[in-house]
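Below is one structure, written out as structure tokens; comments come after it.
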Amino acid sequence: MRVDGIDTSSFRDPSGFLFWKDRQLYRQVNKTYQEEYDLLMASGLYSALTNAGLIILHEEVAMEPLCPGLAYRIIKPEIIPFVSYPYEWCFSQLKDAALTTLAVQTRALEHGMVLKDCSAYNIQFKKCKPVFIDTLSFERYHEGQPWVAYRQFCQHFLAPLSLMSKKDIRLSQLLRIYLDGIPLDLASSLLPFHTYLSFPLLSHMHAHARSQRHFADKIVDVSGQKMSRLSFRGLVDNLESAVKDMKWQPGGTEWATYYKGTNYSAEAFQRKGHLVAEYLDMIKPTNVWDLGANTGMFSCLASNKGISTISFDIDPAAVERNYLECKARGETDILPLLIDLTNPSPGIGWQNRERMSLISRGPADTVLALALIHHLAISNNVPLEQIAAFFSTICNSLIIEFVPKSDTQVQRLLSTREDIFKDYNKLTFEDRFSRYFKIRDSVAIRDSERTLYLMEKCEN
Amino acid sequence: MAIIFVPSDMFQGYYYLDPGSGSLFIQLAIGAFVGGLFLIKNYFVRIKCFFKKLFNNGKKV
């Protein structure tokens, strides 16, 4: 949150902290971290990482530190336009984040440093690519030392990836409960038996969990235990192979036909695209949130105009496909994310302020809500008034499609339940939304029974 | 679950996170094994590169 003072997520590491001043983000490097920071900059590691696009850029600035007694340097990191969290990523996003972390670790060791933590929250997506954001996560490598961040890597990356890949994709949501990664005993107990036959999972997950249990509450003297540099490199290489081998494909679906279940004619679909593009040209938003984006077909209309777009969907398969397609075509203006709008990410962690809620990361300049309203109003029983109120908290303008009861998609939703939605009609929709928005334009989509609206939030 | 960890001279770093004794010990065991595999893998890659280079008339592989 861009309130002047220390960032609410930055308090664990005594090496420094992030703070906001005049809506600008800075990082204070504390004196205790002076030697490590100087080594990061002087060893060539920072240059190597920035040249490879693996770490966020920063510049040293001359300004009054927030805590002058502790301060060594103040740096100004590049801003990430939209902060996202591991429980909002699809499988391949988490996998790419893991590989980025290991690539950073490999380069660090080449320059005589190691990562002292391996939190998945140290990764953010910038232009659809994962980038390491914690400049203070490095420390000098001492010959013989094991990797202090190994446990955290397994909990933050290997456990969720193996559960998503081998058990159930929805288990990624455990990351929302366990902020320091999924406990390995839990992951081990959930993984299917055949994972014992895979060396990486047998060792890094099952044996690791057993070892943790064995040494729990024991006072252990580890003096004399050393790990050679070769073993260190072997460990990181083995983790990298394990992550690369993780695969997930939506079961029982063919991606090519994944979202053919629409009642649009090809012409109506194309017409809808033109209308959305025209509306975007009219309002020229600085950023767009596409809610219920499916595989991001309409998000592309915004990104093609150079508009930074977050493409949200509830379906892990749709988000996965969207991300992989964005990667394949080198998309830089779309960030696909997994969000259940009926239960969007809350503020969690220490004081409920460590990880921001979805709403507190807004508002978006424009929200696209296409073929969405019936899912909220009918599948989730949310009154139109509340839907309108919610949208008014997350955007300045709204491009929304009304899907009437006569539409086959709505008929499908009503086919197995009683129709208790007497107020679900176009007139009521317009009335409820007019309480929060000014309807600037509306147009019936030819060859369908749907209507597209362009709305602007009422002042106050 | 509490893990009590006694630092030694070898662990000279200044850790703000608990690395976990169980995690350290299993890491040492896995590291000893995969370190050897890593060495073999590296030699294998070098040999593969050598032959590729040989059959590609010295072009960089």
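The values are calculated or read from the model by the stated rules, or taken from the named source; none is laboratory data. Source: prediction; values computed, not measured. Note that each Cβ is placed from the backbone with ideal geometry, even for glycine, and that neighbours are counted across all protein chains shown. Heads up: the accessible areas ignore ligands, DNA and RNA and are worked out on the full protein's heavy atoms, side chains in. Shrake-Rupley method; radii C 1.70, N 1.55, O 1.52, S 1.80 Å.
General remarks:
- Among the numbered conditions (1) on the phi < 0 side of the Ramachandran plot; (2) out of contact with any helix residue (DSSP H, G or I) (no Cβ under 8 Å at 6 or more places or on another chain), the only one that A:G44 does not meet is (1).
- Looking across A:H214, A:H194, A:H208, one residue alone is in contact with a Cys (Cβ under 8 Å, 6 or more places away or on another chain) and part of a helix (DSSP H, G or I). It is A:H208.
- Checking A:L171, A:L163 one by one, the residue that is at pLDDT 95 or above, part of a helix (DSSP H, G or I), open to solvent by less than 20 Å² (accessible area, probe 1.4 Å) and at negative phi is A:L163 and no other.
- Test for A:M227: is it surrounded by 19 or more Cβ atoms within 10 Å (Cβ to Cβ), assigned to a loop (DSSP other than H, G, I, E, B) and within 11 Å of chain B (Cβ to nearest Cβ): yes
- Matching strands (runs of 3 or more DSSP E) fully within the stretch A:359-448 where at least 3 residues are crowded, with 19+ Cβ neighbours inside 10 Å and either aliphatic (A, V, I, L, M) or free of Cβ contacts under 8 Å to residues at least 60 places away in the same chain (or both): A:364-369, A:395-402
- Residues that are open to solvent by 40 Å² or more (accessible area, probe 1.4 Å), out of contact with any Cys (no Cβ under 8 Å at 6 or more places or on another chain), more than 7 Å from chain B (Cβ to nearest Cβ) and part of a strand (DSSP E or B) occur in the stretch A:130-149; there is at least one.
- Residues that are more than 12 Å from A:I75 (Cβ to Cβ) and either away from chain B (no Cβ under 14 Å) or free of Cβ contacts under 8 Å to residues at least 40 places away in the same chain (or both) within the stretch A:33-46 comprise A:Q34, A:D38, A:A42, A:S43, A:G44, A:L45, listed in sequence order.
- A:D180 being in a helix (DSSP H, G or I), of a type in the set (D, E) and open to solvent by 30 Å² or more (accessible area, probe 1.4 Å): no
Let's see how each residue does on (1) at pLDDT 90 or above; (2) part of a loop (DSSP other than H, G, I, E, B); (3) more than 7 Å from every other protein chain (Cβ to nearest Cβ):
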| residue | (1), (2), (3) |
| --- | --- |
| B:G13 | no, yes, no |
| B:L17 | no, yes, no |
| B:I26 | yes, no, no |
| B:V45 | no, no, yes |
| B:F50 | no, no, yes |
| B:L54 | no, no, yes |
| B:G58 | no, yes, yes |
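- Residue selected from the stretch A:150-160 under the condition over 28 Å from A:R329 (Cα atoms) and open to solvent by less than 10 Å² (accessible area, probe 1.4 Å), by the criterion farthest from the chain's Cα centre (by Cα): A:Y150
- Only one entry in A:N343, A:N352 is open to solvent by 10 Å² or more (accessible area, probe 1.4 Å), modelled with pLDDT under 95, assigned by TED's automatic domain parsing to the domain that holds A:I378 and over 14 Å from A:P250 (Cβ atoms), namely A:N352.
- A:D245 open to solvent by 80 Å² or more (accessible area, probe 1.4 Å) and modelled with pLDDT of 95 or more: yes
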